[in-house]
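Read the structure below first, then the notes.
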Amino acid sequence: MNDTPGWASPGSAPSEGQKPDASGPADPADRPGPAQPAQPAQPAQPAQPAQPADQPGQQGQAPQGPGQQWSKEQPPPAQWSAPGGSSGPGQAPPPPPPGPGWGPQPPGGYGGHGPAGPGHGGYGHPGGWGGGWGGPPPAAKPGVIPLRPLGVGEILDGAVSTMRTYWRTVLGISLTVAVLTEIIVVLFRGLVLDDSSTEALNDPSATLDELSRAMGDAMLDSTVIFVISLVGTVVATALLTTVTSRAVLGKSVSIGEAWRDARPQVLKLFGLICLLLLITAGIVFVGTLPGILVSVAGSTGAGIALAVLGIIGATIVALWLMIRFSLASPALMLEKQGIKKAMARSAKLVQGTWWRIFGIQLLATIIANVVASIIVIPFTFLAGALSGDGITGWLESGGGGLGWTFLIVSGIGSVIGSMITFPITAGVTVLLYIDQRIRREALDLELARAAGVQGYGSTPGATPRS
């Protein structure tokens with residue numbers, strides 16, 4: 001009989017007054033015959049322990065055959081179990097089998113049945129636990145991502161799934177923000193900027209005064225449009241962060257609920273982004289300053305070379321800092337942190353995984369911009385074709401036409417492109433933040449409780465770490 005702890009054979013052991021099961025043990029070959037001769041009287045001996053059922057009976061008693069009742073002299077059921085049967089009446093059921101893969105196990109599993117009954121993999125069964133161990137059970141997935149450390153594809157798929165599953169809220173937020181910002185941009189470019197100053201940049205015979213004024217207008221145009229776009233990006237990121245965090249739990253949120261949740265942190269988020277831009281500009285300025293000073297001193301060639309090297313070095317440092325603080329935005333929005341603490345949280349989460357986060361952010365940016373360009377470029381050419389001089393005149397002028405038709409049609413393309421880029425970039429950033437917290441702080445346990453997942457994390461291997 002197998003002595004593995006907790007083991008019990010299938011079937012049931014016969015008890016007193018019952019006939020043995022057909023699957024009971026066969027009679028031993030050396031069992032005595034039906035009767036034995038009387039033995040001479042012997043002195044009294046101390047009481048002997050009862051003999052098992054497969055031994056000869058007492059003196060003067062006929063052994064029991066397969067079709068007869070078992071001897072009434074057997075030990076109590078609690079002390080014995082037949083190899084082919086389970087415990088008898090009154091005996092406590094065997095304890096559950098040990099942990100997965102412990103000890104020798106019968107081929108069919110413990111008791112011949114799996115945890116779900118016949119036909120399912122039991123303990124030791126190739127489809128169940130124990131000898132057929134195939135790794136931890138799959139992670140819970142209440143929302144758009146499984147609650148475990150994520151791969152690159154799962155992060156990108158989570159951002160797209162959020163946009164596809166909650167498209168009314170996501171596209172509603174993106175469309176509203178994109179339309180408002182684009183209207184401001186179109187009005188500014190159509191009412192404030194002067195076409196003549198822009199055309200001076202393409203005129204070889206333009207005077208220095210005209211070129212200076214044209215360059216000033218171009219810089220003003222770029223700065224204002226950048227600030228307007230920045231404001232729109234901040235608002236969209238704030239709202240989409242809330243939507244994505246709820247999507248991880250499988251819960252929807254309306255635009256009004258997202259705004260009420262994000263509104264207290266919007267000004268802080270705007271301050272955070274402005275601070276990061278100032279840091280970047282300061283680094284670039286410090287990198288180019290030596291080259292500028294050398295050029296002013298009279299060494300123009302050396303100054304230009306030094307400035308180029310400074311710009312390259314400053315760009316590398318600025319890029320490193322931008323990735324280091326790239327998770328500050330979701331930390332600020334979801335943890336309700338201040339600007340300084342949010343930047344510290346981002347630096348802690350990114351530490352040791354800079355290249356991974358850089359690669360995922362770069363891939364998401366490329367995908368979003370490629371998709372947006374597929375939409376924006378045709379609208380731009382269509383706007384040029386619908387302008388006064390046609391597409392040929394628009395191309396000959398270097399794309400510098402700022403007529404109302406051109407601005408409106410190209411603006412429509414920009415709105416559609418922003419509807420795609422906003423959800424992807426914001427969603428990837430939020431999911432990267434959640435992924436890093438799952439890897440470092442077991443955030444998946446808190447998310448599972450918030451999503452109402454029962455028993456998540458109660459068994460070993462349910463929450464893998466990396």
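Of all residues in the range 432-450, those being out of contact with any Lys or Arg (no Cβ under 8 Å at 6 or more places or on another chain), aliphatic (A, V, I, L, M) and farther than 22 Å from residue 363 by Cα number 4. Could you say whether any residue in the range 151-165 is touching a Phe, Trp or Tyr at 6+ places or on another chain (Cβ under 7 Å) and at pLDDT 75 or above? No, there is no match, as no residue in the range 151-165 is touching a Phe, Trp or Tyr at 6+ places or on another chain (Cβ under 7 Å) and at pLDDT 75 or above. Scanning the range 413-449 for residues that are over 11 Å from the mean Cα position of the chain (by Cα), in a helix (DSSP H, G or I) and over 22 Å from residue 169 (Cβ atoms) returns 413, 440, 441, 445, 446, 448, 449.
Return a yes/no flag: does the range 157-171 have any residue that is under 19 Å from residue 235 (Cβ atoms) and not in a helix (DSSP H, G or I). Yes, the range 157-171 contains a residue that is under 19 Å from residue 235 (Cβ atoms) and not in a helix (DSSP H, G or I).
Determine, yes or no, whether residue 197 is over 23 Å from residue 418 (Cα atoms), of a type outside the set (A, V, I, L, M) and either in a loop (DSSP other than H, G, I, E, B) or modelled with pLDDT of 90 or more (or both). For residue 197, the condition - over 23 Å from residue 418 (Cα atoms), of a type outside the set (A, V, I, L, M) and either in a loop (DSSP other than H, G, I, E, B) or modelled with pLDDT of 90 or more (or both) - is not met. Considering only the range 274-290, I want to know if a residue exists there that is modelled with pLDDT of 90 or more and under 30 Å from residue 447 (Cβ atoms). For the range 274-290, residues modelled with pLDDT of 90 or more and under 30 Å from residue 447 (Cβ atoms): present. Beta carbons closer than 7 Å, at least 6 apart along the sequence or on distinct chains, pair a first residue in the range 336-349 that is within 15 Å of residue 274 (Cβ to Cβ) with a second that is not in a helix (DSSP H, G or I) for 343/325.
Could you please give the count of residues in the range 280-319 that are part of a helix (DSSP H, G or I), of a type in the set (Gly, Ala, Ser) and more than 28 Å from residue 355 (Cα to Cα)? Qualifying residue count for the region: 7.
No other residue among 431, 362, 447 is loosely packed, with under 14 Cβ neighbours inside 10 Å, modelled with pLDDT of 80 or more and not aromatic (Phe, Trp, Tyr) apart from 362. Cβ-Cβ distances below 7 Å connect the following pairs, each with a first residue in the range 363-386 that is free of Cβ contacts under 8 Å to residues at least 24 places away in the same chain, a second residue that is surrounded by 17 or more Cβ atoms within 10 Å (Cβ to Cβ), and a separation of six or more residues or different chains: 384/394; 384/406; 386/409.
Taking the range 224-257 as the range and being among the hydrophobic types (A, V, I, L, M, F, W, C) and not in a helix (DSSP H, G or I) as the test, the residues that pass are 249, 253.
Sub-6 Å Cβ pairs linking a first residue in the range 308-334 that is more than 20 Å from residue 362 (Cβ to Cβ) to a second residue that is outside any helix (DSSP H, G or I) and β-branched (Val, Ile, Thr), at least 6 apart or interchain, number zero.
Would you check if residue 297 is within 30 Å of residue 452 (Cβ to Cβ) and not β-branched (Val, Ile, Thr)?
no
I'd like to check something: does the range 278-296 contain any residue that is within 27 Å of residue 427 (Cβ to Cβ) and surrounded by fewer than 17 Cβ atoms within 10 Å (Cβ to Cβ)?
Going through the range 278-296, the residues within 27 Å of residue 427 (Cβ to Cβ) turn out to be 278-280.
When the remaining residues are screened for being surrounded by fewer than 17 Cβ atoms within 10 Å (Cβ to Cβ), the result is 278-279.
Yes, there is a match, as at least one residue in the range 278-296 is within 27 Å of residue 427 (Cβ to Cβ) and surrounded by fewer than 17 Cβ atoms within 10 Å (Cβ to Cβ).
Of the residues examined, residue 252 is one that is surrounded by fewer than 19 Cβ atoms within 10 Å (Cβ to Cβ), in contact (Cβ under 8 Å) with a residue 12 or more places away in the chain and either touching a strand residue (DSSP E or B) at 6+ places or on another chain (Cβ under 9 Å) or closer than 30 Å to residue 167 by Cα (or both).
The values are calculated or read from the model by the stated rules, or taken from the named source; none is laboratory data. Owing to the predicted nature of the structure, the values given are computational and were not obtained by experimental measurement. Reconstructed Cβ throughout: ideal geometry from the backbone, glycine too, with neighbour counts over all protein chains shown.
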